[in-house]
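Inspection log for the structure reproduced underneath, given as structure tokens.
Each value in this text was obtained by applying a stated rule to the coordinates, not by laboratory testing. Because the structure is predicted, anything quoted here is derived from the model rather than measured. Heads up, the Cβs are rebuilt from the backbone with ideal geometry, glycines too, and the neighbour counts pull from every protein chain shown.
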Amino acid sequence: MLQQFFIICSGADTDILKDCSKGEQNKYAGIGATVFFTALMAFIAASYALYTVFDNPFAAAGFGFVWGLLIFNLDRYIVSTIKKTGNVIDELIQASPRILLAIIIAVVISKPLELKIFEKEINQVLLEQKNDFTLANKDQIALQFTPTVDALKTDIKTLQDEVTAKEIEVNSYYNTYIAEAEGREGTLLLGKGPVYEEKREKHDTSLAELQALRTTNNEKIKIAEEQITSLNAEYESQVTSSQPIIDNFDGLMARVNALGKLPWLPSLFIFLLFLAIETSPIFAKLLSPKGEYDIKLTEDESKLKSWATQQDYQRQSIVSTDNVLNDKVYGDLAEEEDLYAYKRKIARDLMKKQQDAFYNRQSKFLE
């Protein structure tokens, strides 16, 4: 039962192969087994690849099963259409397009399995990329807020400097009128005279201005600080909202690109392995000698070709003979006077009826 199933997988004609030797049947069962297991590997590879895309095992298995059937049908067709002619060069020319197709299929099958085999290494590469993307994302978002925040901080510094400068001025007035009262500066007279009162008045006026300036600038500074806090909160919100996009950066394309950053030699060996598996049915067919099955298949095809050639020749002969007979029959009829007179009479009657019909139609228009 299993051998019969693998023979069907090989695409061989079971009616011809059942009359062949056991060795010939085993050869095609081996080719069919290779076709089957190649399709099975394609199913596993495609299912994993699609699982990384859809994250749904049932959808991935369904699409993977369809892909496995497609590969199975292609491989079966490739093997079944290679005919053993006994000429190696002719067989290689015949198989070259199929070998190219097998290489393409091997690439498609091997890549998803490479992603699974090197999953840990790929995850490490993706982690490093995600960290780089996170830092770059923060820098890019910061570019939207940094100029405004810096401008607000500059405004706060300016307001604070205004208050500081006013405080220095007030302190200077204070030291001046105290020194005047103590007789160390100004008039050098001890006591609170008119000059003292004048300098004290300047100090009090400046102090009042300082208090008003502090109140005004503190309110402005508070508003600016609230704006900075709001901008910082908005910045953190954008960073937080965009982080899940970076965290989900592990799809199929990202993994393929990450695989490309790993050393190429292991991937090459895996590709060569699947290339050997995919092309093994073709090369098994090419390298095997022309066997009993091939001889019987060629004989059946030759019989069919001979029969079709004979049928075509007979049809052409029948048509040719019929044409000759028709020419002779109608040639003889053309010389008979009775047939000529009969056809002449029918033509005369038809022309009379046409003239009568034309006359009646014209008469109706004139009435």
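Per 10 Å bin, what percent of the C-alpha pairs of region 128-252 does each bin hold, from zero upward? The percentages, shortest bin first, are 12, 23, 17, 15, 12, 9, 7, 4, 1, 0. The phi-based Karplus calculation (6.51 cos²θ - 1.76 cosθ + 1.60; θ = phi - 60°) puts the 3J(HN,Hα) values of region 265-274 at 5, x, 4, 5, 5, 5, 4, 5, 4, 6 Hz, whole numbers, x for Gly and Pro.
Hey, what does the equivalent ellipsoid look like for region 1-148, semi-axes from the Cα gyration tensor as sqrt of 5 times each eigenvalue, largest first, whole Å? Write down the numbers at each step before the final one.
Details: eigenvalues 467, 62, 27 Å².
Rounded to whole Å, the semi-axes are 48, 18, 12.
To the nearest ten degrees, helix 194-247 and the longest principal axis of the Cα atoms of the chain are 20 degrees apart. For region 244-303 and region 128-154, write down the distance between their C-alpha centroids in whole Å. Region 244-303 and region 128-154 have Cα centres spaced 48 Å from each other. Relative contact order of the chain: 22 percent, from C-alpha pairs under 8 Å at least 6 residues apart in sequence. Rounded to the nearest 20 debye, the dipole size of the chain about its Cα centre is 1760 debye, using +1 on the Cβ of Lys and Arg and -1 on the Cβ of Asp and Glu. Annotation: lysines with alpha-carbon distance below 28 angstrom to residue 364 (same-chain offsets under eight excluded): 352, 353. Converting phi to 3J(HN,Hα) with the Karplus coefficients 6.51, -1.76 and 1.60 and the offset θ = phi - 60°, region 12-22 yields 6, 6, 5, 5, 6, 5, 5, 8, 8, 6, 4 Hz in sequence order, with x at every glycine or proline. Step through the table entries 27/303; 83/296; 27/305; 27/83, compare each Cα-Cα distance with 21 Å, and write down the pairs that go over it. Correct reply: 27/303; 27/305.
Distance between the 7 Å Cα→Cβ label points at residue 163 and residue 90: 10.2 nm. Considering only 253, 127, 12, and ranking their Cα positions along the charge dipole of the chain that arises from unit charges at the beta-carbon of Lys, Arg, Asp and Glu, the one farthest toward the positive end is 12.
Only one residue of 142, 110, 72 has its Cα farthest out toward the positive end of the dipole of region 33-173, where Lys and Arg carry +1 and Asp and Glu -1 on Cβ, and that residue is 72.
Site pair residue 269 and residue 240 shows an inter-label distance of 4.9 nm when each label is modelled 7 Å from Cα along Cα→Cβ.
Note on region 86-187: Cα-only Rg and Dmax are 39.5, 131 Å. Computed from label points 7 Å out along Cα-Cβ, the spacing between residue 276 and residue 250 is 3.3 nm.
Between residue 1 and residue 340, the contour length at 0.36 nm per residue exceeds the Cα-Cα span by 114.3 nm.
Compactness check for region 62-145: Cα Rg over 2.2 N^0.38 Å is 1.94. In the chain the Cα-Cα distances spread across 10 Å bins starting at 0 as 4, 12, 11, 9, 8, 7, 7, 8, 8, 7, 5, 4, 3, 2, 1, 1, 0, 0 percent of all pairs. The eigenvalues of the Cα gyration tensor, multiplied by 5 and square-rooted, give region 291-351 an equivalent ellipsoid with semi-axes of 54, 11, 4 Å from largest to smallest. Axis of helix 292-334 versus longest Cα principal axis of the chain: the two differ by about 60°, to the nearest ten degrees.
Across region 122-131, computed HN-Hα scalar couplings (Karplus, 6.51 cos²θ - 1.76 cosθ + 1.60, θ = phi - 60°) run 5, 4, 5, 4, 5, 4, 4, 5, 5, 4 Hz from first to last residue, x flagging Gly and Pro.
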